[in-house]
Amino acid sequence: MNEKYLWDRTGQPDPEIADLEELLRPLRYEASPENLPLASVGKPVSRISHRWLFAWKIYSWQIGLAAAAVVVCGIGLGIVFSARRGAMQESDMPAWKVYANGSKPRSVRSGQTIETGEYSNARLESDFIGEVRVEPKSRLRILETRKEEQRLALQRGTIHAFIWAPPRQFVVETPSATTIDLGCRYTLHVGADGRGSLDVEMGWVAFQWGKLESFIPEGATCKTRAGKGPGTPYFLDAEPEFAVALDRFDENGDVRALDVVIRGARQRDGLTLWHLLSRTEGEERGKVFARFSELVRIPPEVTLEKVLRGDPEALDAAWNALELGNTDWWREWKRKW
Amino acid sequence: MVAPTPVEVHSEEPAALVRAAQRGDRAAFGILYERYARMVHGILLARVSYSEAEDLVQEVFLRAMQQLHSLRDANAFGGWLVKIARHSAADLRRKFRPMFELRDRGGGVWPDGQALEVLTILQRLPKAYRETLILRLVEGMTGPEIATRTGLTPESVRVNLCRGMKLIREALGRESRHE
């Protein structure tokens, strides 16, 4: 062992010590003024004079009353301002607070990871974004906390998100797809093998991986596979045979399974068929479109020919015919089919 | 309210900074924080989890600021801060153990499981060795820096480093044999 290097890091670096330094470096504390819990470092420390202490003793209830009034007014103004505000201000940078079973809340910031144990869970809260409950045996990393976007990464486990931030501001990455909140409540699960599922209980969620996108409305679910991205969404009340066949088609493109899906589709399964229009080609797409046309009253401009060549306007019109919501609101986001 | 007299920091000597901070100069306290934060973090890391240490650093400096007026010998600031850090860690252990682990990224690199495993091994060493070794290997302080900041003699630090390093090598050897 090179004791000189161990002592003052001079001389020939000791390989073993250098390796340990390198390995442990990420744990090193980085002192920065914003980590110092003192308001406005650089300003003189205020001291409470004896006169103020005396005044507090004499007038404490009046001061308390005045303070309470200020707080009440502040809350009132806060509600008014938050109601008027469409987007968050810089000064309102969302601060996630994390709560564990019975522990005091702690602030989390980008770069940190919440890892729950076998029997423990945690809850993240932000006044501006929403609430995320983290189930046991989960690992959730905070990637970004910008006012335009809150980006988390669910590496494994389950979260329940209830989001009140404007659409597209809350994003959760998983090993196989990215969820983009469009104003909703949902449950996201990631298994040990990277496969996942997304169940939407309220609102909408977009599930994206590369060029593949799924839009999942309330009451629907979508599976995702490592390396394959989001599967085709379907409503949770669909027949089991329908769900199994769809899963098989998503897994390996089984054409016979696709036939089962087409045959078993109900009117509301138009959602699934619409997604399949951009996940099939040629003859298969034609069969999907034929069934879609039987179940959904499509406008005359949506023709087989347009659908076969993936015409975006025709696909938009087909979507609108589902009456799940107009495409205009999410067209602004991005479209890649 | 009586406004304190703003204090100009003319010297960057620790004792002068401490005296300036005692007079209410937050800039001076800010400099002390920047100089001693790693030491405090290392002391804490010898006792609590990685995520707890991060939060506790702030608490230690808050306590230090509140109690700074009681420090009579400005030259003893480092040792005094070490005691506050040790007490804070002990308080935390008494109060609660978290139900979840909050892990942090430092310097843009995510500490992988191996780093946290080695930290756990370091935390099992005798107290004197683990503090000094964490300050050296994790916080990147040199032996002379550790001595200056903590108030330990250079000889003690040198001995702690050498003996601690020997123990950590043995422990790591055992760990790798178990794998």
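Since every read-out is calculated from the coordinates, none of them should be taken as a lab result. Because the structure is a prediction, the values reported are computed rather than measured. Please note: Cβ atoms are built from the backbone with ideal geometry, for glycine as well, and neighbour counts cover all protein chains shown.
Determine the alpha carbon to alpha carbon distance for each of A:Lys228/A:Lys287; A:Lys228/A:Lys306; A:Lys211/A:Lys306; A:Lys97/A:Lys228; A:Lys223/A:Lys287; A:Lys4/B:Lys166 and list only those over 25 Å.
Distance filter (> 25 Å) returns A:Lys228/A:Lys306; A:Lys97/A:Lys228.
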Check your understanding: Which value, in Å³ per residue, describes the convex hull spanned by the Cα atoms of region A:232-294?
Key -> 68
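Counting other beta carbons within 10 Å of each Cβ, put B:His69, A:His275, A:His160 in order, fewest first.
B:His69, A:His160, A:His275
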Exercise for review: Give me the net charge of A:Ser176's neighbourhood, meaning all other residues with Cβ under 11 Å from the Cβ of A:Ser176; Lys, Arg count +1, Asp, Glu -1.
Suggested key: +2
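Grab the beta carbon distance between A:Gln12 and B:Asn75, set R0 = 22 Å, and tell me the FRET efficiency rounded to 0.05.
On the way: r = 35 Å, r/R0 = 1.60.
That gives a FRET efficiency of 0.05.
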